[in-house]
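The next block holds one structure in the form of C-alpha cells; read it before the comments.
The values are calculated or read from the model by the stated rules, or taken from the named source; none is laboratory data. Computed from a predicted structure; not experimentally measured. FYI the Cβ positions are ideal-geometry reconstructions off the backbone, even for glycines, and counts take in every protein chain you see.
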Amino acid sequence: MTNRQTGAGTSLSIIILDDEPIVCKRLKPTLQRKGYEVETFSDGPEALARLEERVFDIVITDLKMGTIDGMHVLENVKAAHPDTQVIIISGFATLETAKESFRKGAFDFVAKPFKINEILECVKRIEDNRNKGKN
C-alpha cells in the first residue's frame, strides 16, 4: 500500500511551523513521500501570512518559538478555518499545555523528541476522519 488516496485524488495540504529547521527538514520529505503537499516555515509571522493566503488541511506547529507561540497559531487557524486540523509539537510538554491545546481545538499534541511515525499516524487519522465524512 504505497499510494494513498484521499477522496477524488486530492492530496492533503500541510504547513509545518517550527523555529528549529531540523524539524522541518525531517518531516517535509517524509510527508511528501506519502503523497502530501507540504510547506515549511521557521518564522512564525511568515507562516501566519501564508495561512491568510491559503487554507491548509493540516497545520503542524511547535508550541514554543522565538517569534510566536503555537497557541496563538492554533487560535488564529481555528478562528479563520475551523475545519483545518492542528497538531501541536512541543519540547515543553506538560499536562496543562496539552489540555489547553485540546480546549482550543488541537487535533493532537505530540511531545518532542518525537518519532516521525507519531506525526504520520496523526496525519493518517486526520485523513481517515476526512474520508469518513465524505462517505
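Say we look at the range 79-97 and pick out the residues that are among the aliphatic types (A, V, I, L, M) and touching a strand residue (DSSP E or B) at 6+ places or on another chain (Cβ under 7 Å); which of these is nearest to ILE58 (Cα to Cα)?
Among them, the one singled out is VAL86.
Quick check on this structure: which one of ASP128, ASP69 is more than 18 Å from LEU17 (Cα to Cα) and among the charged types (D, E, K, R)?
Details: ASP69 fails: more than 18 Å from LEU17 (Cα to Cα).
None of the other options fit; the residue is ASP128.
Restricting attention to the range 103-116, which residues are more than 17 Å from LEU48 (Cβ to Cβ), of a type outside the set (D, E, K, R) and either under 10 Å from the mean Cα position of the chain (by Cα) or surrounded by 14 or more Cβ atoms within 10 Å (Cβ to Cβ) (or both)?
PHE107, PHE109, VAL110, ALA111, PHE114
Can you tell me which residues in the range 117-135 are of a type outside the set (D, E, K, R), loosely packed, with under 11 Cβ neighbours inside 10 Å and over 14 Å from ARG33 (Cα atoms)?
Hits for the range 117-135 are GLY133, ASN135.
May I ask you to list the residues in the range 15-32 that are touching a strand residue (DSSP E or B) at 6+ places or on another chain (Cβ under 9 Å), part of a helix (DSSP H, G or I) and under 15 Å from LYS112 (Cβ atoms)?
PRO21, VAL23, CYS24, LYS25, LEU27
May I ask you to say which residue of PHE92, PHE102 is farther than 22 Å from ARG26 by Cβ and of a type in the set (Phe, Trp, Tyr)? Outline the logic, then answer.
Values: PHE92 fails: farther than 22 Å from ARG26 by Cβ.
When all the criteria are applied, what remains is PHE102.
Here is a list: GLY91, GLY44. Which entry is surrounded by fewer than 16 Cβ atoms within 10 Å (Cβ to Cβ), at pLDDT below 95 and not charged (D, E, K, R)?
On the way: GLY44 fails: surrounded by fewer than 16 Cβ atoms within 10 Å (Cβ to Cβ).
Checking each option against the conditions leaves just GLY91.
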